[in-house]
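A short write-up of the structure that comes next.
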């Protein structure tokens, strides 16, 4: 569990570094990007290794209703990522679509994974996303995107969501984590 927690801390620190210590990050220049990227990948690797190695208490198991809710939340999460990149209409309603996607993704996974390692991993990433939103909101004012929003972008976001969701579901099956069972 220690590797998992260490990975979460490194991931969070690397992502928050620019917001928490902007002068220090700016002083690093372009070299800082590489260091932050290395921190993000190191945190991710430690989270994966730590999660796969971790043991812990088991509080609840998968339930068909929760699996269905999880899948709907996951579709919405993937859509938010796509919408963010394509600047669809929802980006005028949700200030941080990618961080909201992480929060929805984490919540979806907590619903169907009631063991301690899952609660630490997904709960930790949920906490990071909440903290990130708070820090960003305190530092910057939101300039809400204005309509009109291109219909073709919305179609691309929906098609992309379905494709990426299918790939993620297939990857879960290959890794032994059935998305529909």
For the pair residue 174/residue 93, report the inter-label distance in nm, with labels modelled 7 Å from Cα in the Cβ direction. 3.4 nm
Mind ranking 8-14, 74-80 by how tightly packed they are, going by the mean number of other C-beta atoms within 10 angstrom, highest first? 74-80, 8-14
Using all Cα-Cα distances in the chain, what percent lands in each 5 angstrom bin from 0 up to the longest? 1, 8, 12, 17, 19, 18, 13, 8, 3, 1, 0
Nearest 0.05, what FRET efficiency do residue 146 and residue 44 give at R0 = 35 Å with Cβ-Cβ as r? 0.50
Working out 0.36 nm times the residue gap between residue 6 and residue 163, then minus their Cα-Cα distance, what length gain in nm do you get to one decimal? 53.2 nm
The chain, helix-only ellipticity at 222 nm - DSSP H runs n ≥ 4, -39,500 (n - 2.57), divided by all residues, nearest 500: -26000 deg cm²/dmol
Which Rg and Dmax, in Å, describe the Cα atoms of the range 83-151? 14.5, 45
Given Cα pairs under 8 Å that are at least 6 residues apart, what percent is the relative contact order of the range 76-137? 31 percent
When the chain is fully extended, how far beyond the present Cα-Cα distance does residue 53 get from residue 139, taking 0.36 nm per residue of separation? 27.2 nm
Cα centroid separation, the range 104-118 to the range 73-97 (Å): 21 Å
Compactness relative to 2.2 N^0.38 Å, alpha carbon Rg of the range 1-89: 1.46
Between the range 15-58 and the range 126-181, the alpha-carbon center distance in angstrom: 20 Å
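Every number here is computed from the coordinates shown, using simple stated rules; none is lab data. All values derive from a computational prediction rather than experimental measurement. Ideal geometry is used to build each Cβ from the backbone, glycine not excepted, and the neighbour counts take in all protein chains shown.
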